[in-house]
Amino acid sequence: MSYTILEKKQIAPQVHLMKVLAPDVAKAAKAGQFIILRIDETSERIPLTIADFDADEGYVTIIFQEMGKTTKQLAQMTDRDVLLDFVGPLGKPADVRKLGTVILVGGGVGIAPVYPQVKAYRDAGNKVISVIGARNKDLLILEDEMQAASDELYIATDDGSKGHHGFVTDVAKKILDSGEKIARIVVIGPPILMKVAAGMTAPYGVETIVSLNPIMIDGTGMCGGCRVSVGGETKFACVDGPEFDAHKVDFNLLMSRLGLYRPEEAQCQENHQCTCRSGN
Amino acid sequence: MMAARQAMPHQDAKERTRNFDEVALGYTEEQAIAEASRCLECRNPKCVQGCPVEIDIPGFIAQMKAGDFDEAIATIKLTNSLPAVCGRVCPQEVQCEELCVLAKKGEPVAIGRLERFCADHERKKGVAAPVRAQSTGKRVAVVGAGPASLTAAADLAKEGHAVTMFEALHDTGGVLTYGIPEFRLPKSIVRDEVEYIKQLGVDVKVDYIIGKIKTLEELKNDFDAVFLGTGAGLPKFMGIEGENLNGVYSANEFLTRVNLMKAYRFPDYSTPIKRGKHVIVVGGGNVAMDAARSALRLGAEEVSIVYRRGEDELPARKEEVENAKEEGIIFRLLTNPVRILQGDNMTVKGVECIRMELGEPDESGRRSPVPKAGSEHVIDADIVIIAIGTSPNPMILSGSDGLKVSPRGTIVVDESAKTSIGNVCAGGDAVTGAATVISAMGAGKLAAQTINDYLRNN
Ligand SMILES: Cc1cc2nc3c(=O)[nH]c(=O)nc-3n(C[C@H](O)[C@H](O)[C@H](O)COP(=O)(O)OP(=O)(O)OC[C@H]3O[C@@H](n4cnc5c(N)ncnc54)[C@H](O)[C@@H]3O)c2cc1C
Ligand SMILES: Cc1cc2nc3c(=O)[nH]c(=O)nc-3n(C[C@H](O)[C@H](O)[C@H](O)COP(=O)(O)OP(=O)(O)OC[C@H]3O[C@@H](n4cnc5c(N)ncnc54)[C@H](O)[C@@H]3O)c2cc1C
Ligand code: SF4
Ligand code: SF4
Ligand code: FES
Ligand SMILES: [Mg+2]
């Protein structure tokens, strides 16, 4: 199959947004789900969250950060290029219901998957307080969109270049301490952020949901490579998730499994850099 | 004195452990005719009863004896649309060849190899493009692109129905593509078979998951009939300690990385795989053999099969067990893993195993193994591959209200392949649980017949 890139733009250093023509996926997509794409014949399959979708126009938006070979190769692509494969929507949709007031926390590129959820929680009649953060203000993505979609928006940067000087979890904690009744917190970002957030919210007894990002291949429940441990049970994140109860997730296992192919990934990038005119 | 069974020429055992090229090279024409000549052309051929699709075995073999390979393949194709595949992967020793009259003397006619020869002969010449049938105006959806679905789609297209095939992965073939390795079943063969059904007019859609993009509910309204050939792709784990450590793979993941994603050509292909030094594969079926032999080809120093029963109980094809042994795979039989031991950084260090003894026969008639107290021992390993079976892919079940499923997760069908939903049939591993290519094809064939009858009457 082939899927045309309608639009591609850089939205922050090493962070790109891409609108891909995939009408069947766009029609079925729901907040919280993801796609798996393959650039070309020799490419690997990589999962990316659906950051936005338009069923009428038939496109799906993805936002990705350059990490290694495949995302760097993807970053080189431009309008009207085609992707060989783009399959989805995968995973269970986020369990969005009317709950009252919810906090949605996005860290780094994790803001991208949080954005459609902000809209969905709002549409379901919730009051949405969003907290987004990044290392510095240049890396902060979707600020305007998040501002428009949320009832309240808070910002945190590690270096203090914008908003609270510190972590998004500090801001979320302040909101919890303010006494406002919070029905649920959704946290999406690097595993370490989700782990810290889980630890932070536990004493408050607030339901906390995270979206896990283990290494995946098929995304259809066929390989078991994406297995995570939740409440002592093994789950396949691609079909049983990607969202789970943060207080039950074994984050250490997740983080260690994410590091499994570090040596190969490094080798892969070296080889790639010799053969491609990557400017990054 | 009966002539001896012709041996299959193989790639040299040492040589082949360093490449992924096909191991069995196929008979030469002389060998094929010599082997065909051993067939007695029995009046009441028992062999045919052993073949799930009832190929006219003495018929095609007689044509081979006369050197008429074109006629022979035509005979085979009357009932089997994937002979190049079946000739290679059917467990002949428990099917057609088991019942051959010559089997009693230990050397049945090599029916599978002869079938393969005819199919390869035709492939070399180039398969003639099929003539498309007159359109019936009826539309059928076929879910999955494994052997069950390929067979059903071909048969339905030949009847003139407009067939659309939906496959979740980016490539067709099901297990033939992602599971069975290149050295046993070259992917070009599978690709040609899919090309053939496309020429029949089948519209093949990959990257298309039923249950996600569309539900079965929607599909059965959009189409006049539906066939489900979604396979048994959900891997089982043992539930022992250490199973989520880095370096523990399901056979499905290991083989998918190697076959579908071509990790054996990393980094030219970007999908990585861990190339272990000491690899343990748990299980004794075809899947275990394929995983073990793939690990060896990826450069492992030592690969062992750990299996809880004995040699006679190994469910793998005999030929592949022999090939594996020749290649140096170690068989640790009557041995069962107890837990996987952890090394640095949550990696695998070894597997603690226990010796087993065969006890009394169970309901299935097989003697079930029981652990021998105090026989625990540790085998060093950095990679462990679990190949203890799979169950049906559950994804099809979301949005399929009314589809009856057994407690094992298999789709329930009647003797004509009909499910509990009016215009929906199912077959293959999705119905039986993990079985064989030829039984999946047989089921696809039966379902096509049922659907065809249904469409003619509705
Ligand atoms: C459900 C899900 C949703 C995701 N959504 C997004 C998103 O919206 N935006 C975004 O930028 N990233 C997202 N990711 C992560 C993204 O898939 C990885 O960053 C990407 O695969 C890295 O590929 P690479 O070849 O460029 O880098 P590599 O150098 O190969 O890998 C860098 C790191 O990424 C992780 N990774 C590598 N391969 C995979 C894989 N096949 N699957 C998952 N992780 C992998 C590993 O931790 C690895 O160390 C998501 C992951 C999952 C599982
Ligand atoms: C490693 C291995 C080695 C084997 N060796 C042999 C052998 O030597 N001899 C032998 O006879 N048998 C062998 N088998 C068994 C044999 O391959 C299977 O019995 C056979 O492939 C089953 O065919 P199927 O068409 O029912 O399903 P599959 O081949 O499993 O195909 C099912 C297809 O459906 C797709 N699918 C699933 N759900 C959906 C959905 N919701 N929407 C769209 N698509 C979907 C899957 O992606 C898959 O491609 C082996 C199996 C394995 C795993
Ligand atoms: S299809 Fe399989 S069982 Fe039937 S004759 Fe051929 S090898 Fe034997
Ligand atoms: S049983 Fe054996 S000898 Fe008899 S027809 Fe079949 S293959 Fe030939
Ligand atoms: S990615 Fe293969 S089972 Fe989840
Ligand atoms: Mg990569």
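Every residue, every condition in (1) outside any helix (DSSP H, G or I); (2) modelled with pLDDT under 95; (3) more than 15 Å from ligand 2 (Cβ to nearest atom), yes or no:
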residue: B:A4; (1), (2), (3): yes, yes, yes
residue: B:A7; (1), (2), (3): yes, yes, yes
residue: B:K14; (1), (2), (3): no, yes, yes
residue: B:P52; (1), (2), (3): yes, yes, no
residue: B:G59; (1), (2), (3): no, no, yes
residue: B:M64; (1), (2), (3): no, no, yes
residue: B:G67; (1), (2), (3): yes, yes, yes
residue: B:T79; (1), (2), (3): yes, yes, yes
residue: B:A84; (1), (2), (3): no, yes, no
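Could you tell me whether A:T42 is within 13 Å of chain B (Cβ to nearest Cβ), buried (at least 23 other Cβ atoms within 10 Å of the Cβ), more than 16 Å from ligand 4 (Cβ to nearest atom) and not in a strand (DSSP E or B)? So A:T42 fails the test. Among the residues of this structure, B:F266 counts as one that is facing chain A (nearest Cβ under 9 Å) and either over 22 Å from the mean Cα position of the chain (by Cα) or under 26 Å from A:E44 (Cα atoms) (or both). Only one entry of B:K104, B:K138 meets the criterion of being free of Cβ contacts under 8 Å to residues at least 40 places away in the same chain and of a type in the set (K, R), and that entry is B:K104. When you go through A:L48, A:L37 one by one, which is the residue that is within 10 Å of chain B (Cβ to nearest Cβ), in contact with a Leu (Cβ under 9 Å, 6 or more places away or on another chain) and either at pLDDT 95 or above or not in a loop (DSSP other than H, G, I, E, B) (or both)? After ruling out the rest, the residue left standing is A:L37. Scanning region B:104-131 for residues that are assigned to a helix (DSSP H, G or I), farther than 23 Å from B:G285 by Cα and in contact with a helix residue (DSSP H, G or I) (Cβ under 7 Å, 6 or more places away or on another chain) yields B:L114, B:E115, B:F117, B:C118, B:A119, B:D120, B:H121, B:E122, B:R123. On the stretch given as region A:213-241, residues that are in a loop (DSSP other than H, G, I, E, B), touching a residue at least 40 places away in the same chain (Cβ under 8 Å) and over 23 Å from A:S43 (Cα atoms) total 1. In region B:416-436, the residues that are under 16 Å from B:A225 (Cβ atoms) form Cβ pairs under 8 Å with partners that are among the basic types (K, R) and assigned to a strand (DSSP E or B), at six or more places apart or across chains, as follows: B:V424/B:K418; B:C425/B:K418. Among the candidates B:K198, B:K205, B:K220, B:K214, single out the residue that is more than 30 Å from B:R297 (Cβ to Cβ), surrounded by fewer than 24 Cβ atoms within 10 Å (Cβ to Cβ), more than 17 Å from the chain's Cα centre (by Cα) and more than 14 Å from chain A (Cβ to nearest Cβ). After applying the criteria, what remains is B:K220. The set of residues in region B:139-169 that are out of contact with any Gly (no Cβ under 8 Å at 6 or more places or on another chain) and surrounded by fewer than 21 Cβ atoms within 10 Å (Cβ to Cβ) comprises B:R139, B:K158, B:E159, B:G160, B:T164.
The requirement of being within 14 Å of another protein chain (Cβ to nearest Cβ) and more than 16 Å from ligand 4 (Cβ to nearest atom) is satisfied by A:G224. Checked against (1) surrounded by 22 or more Cβ atoms within 10 Å (Cβ to Cβ); (2) within 16 Å of ligand 5 (Cβ to nearest atom), A:V105 passes all but condition (2). Only a single criterion out of (1) farther than 13 Å from A:R184 by Cβ; (2) surrounded by fewer than 20 Cβ atoms within 10 Å (Cβ to Cβ) is not satisfied by A:L142, namely (2). If you go through region B:263-293 and keep only what is part of a helix (DSSP H, G or I) and within 16 Å of ligand 6 (Cβ to nearest atom), you end up with B:A263, B:R265. Only residues that are within 11 Å of ligand 4 (Cβ to nearest atom), buried (at least 18 other Cβ atoms within 10 Å of the Cβ) and either hydroxyl-bearing (S, T, Y) or under 11 Å from B:F117 (Cβ atoms) (or both) were counted in region B:29-43, giving 2. Take A:P203 and decide whether it is more than 16 Å from ligand 4 (Cβ to nearest atom), outside any loop (DSSP other than H, G, I, E, B), within 14 Å of chain B (Cβ to nearest Cβ) and more than 22 Å from the chain's Cα centre (by Cα). No.
Mind checking which residues of region A:17-27 are buried (at least 20 other Cβ atoms within 10 Å of the Cβ) and in contact (Cβ under 8 Å) with a residue 40 or more places away in the chain? Passing the criteria: A:M18, A:K19, A:V20, A:A22, A:V25.
For region A:64-80, the criterion of being within 15 Å of B:I213 (Cα to Cα), within 12 Å of chain B (Cβ to nearest Cβ) and β-branched (V, I, T) is met by no residue. Here's a check for you: in region B:344-370, which residue that is in contact with an Asp or Glu (Cβ under 8 Å, 6 or more places away or on another chain) and modelled with pLDDT of 90 or more is farthest from B:R308 (Cα to Cα)? By that ranking, first place goes to B:T347. All conditions in (1) within 11 Å of ligand 2 (Cβ to nearest atom); (2) modelled with pLDDT of 95 or more; (3) farther than 15 Å from B:S149 by Cα hold for B:I379, with the sole exception of (1). In this structure, does A:G232 turn out to be at pLDDT 95 or above, at positive phi and within 14 Å of chain B (Cβ to nearest Cβ)? So A:G232 does not fit the description; no. Which numbered condition trips up A:A197, out of (1) surrounded by fewer than 21 Cβ atoms within 10 Å (Cβ to Cβ); (2) farther than 30 Å from B:A387 by Cβ? If we test A:A197 against (1) surrounded by fewer than 21 Cβ atoms within 10 Å (Cβ to Cβ); (2) farther than 30 Å from B:A387 by Cβ, just (1) comes out false.
Here is the figure for region B:231-251: residues that are closer than 29 Å to B:V431 by Cβ, touching a strand residue (DSSP E or B) at 6+ places or on another chain (Cβ under 7 Å) and surrounded by fewer than 21 Cβ atoms within 10 Å (Cβ to Cβ) total 4. When residues in region B:240-263 are screened for being without any contact (Cβ under 8 Å) to a residue 60 or more places away in the chain and more than 8 Å from every other protein chain (Cβ to nearest Cβ), 1 of them pass. Scanning region B:293-320 for residues that are of a type in the set (A, V, I, L, M, F, W, C), out of contact with any Leu (no Cβ under 6 Å at 6 or more places or on another chain) and free of Cβ contacts under 8 Å to residues at least 60 places away in the same chain gives B:L298, B:I305, B:L314, B:A316.
Restricting attention to region B:394-403, does a residue exist that is among the β-branched types (V, I, T) and without any contact (Cβ under 8 Å) to a residue 40 or more places away in the chain? Scanning region B:394-403 turns up no residue that is among the β-branched types (V, I, T) and without any contact (Cβ under 8 Å) to a residue 40 or more places away in the chain.
Of the candidates A:D218, A:D250, the single residue that is surrounded by 15 or more Cβ atoms within 10 Å (Cβ to Cβ), within 10 Å of another protein chain (Cβ to nearest Cβ) and either in contact with a helix residue (DSSP H, G or I) (Cβ under 6 Å, 6 or more places away or on another chain) or within 27 Å of A:M77 (Cβ to Cβ) (or both) is A:D218.
The values are calculated or read from the model by the stated rules, or taken from the named source; none is laboratory data. Everything numeric in this text was worked out from a predicted model, so none of it was measured. All Cβ positions, glycine included, derive from the backbone under ideal geometry; neighbour counts span all protein chains shown.
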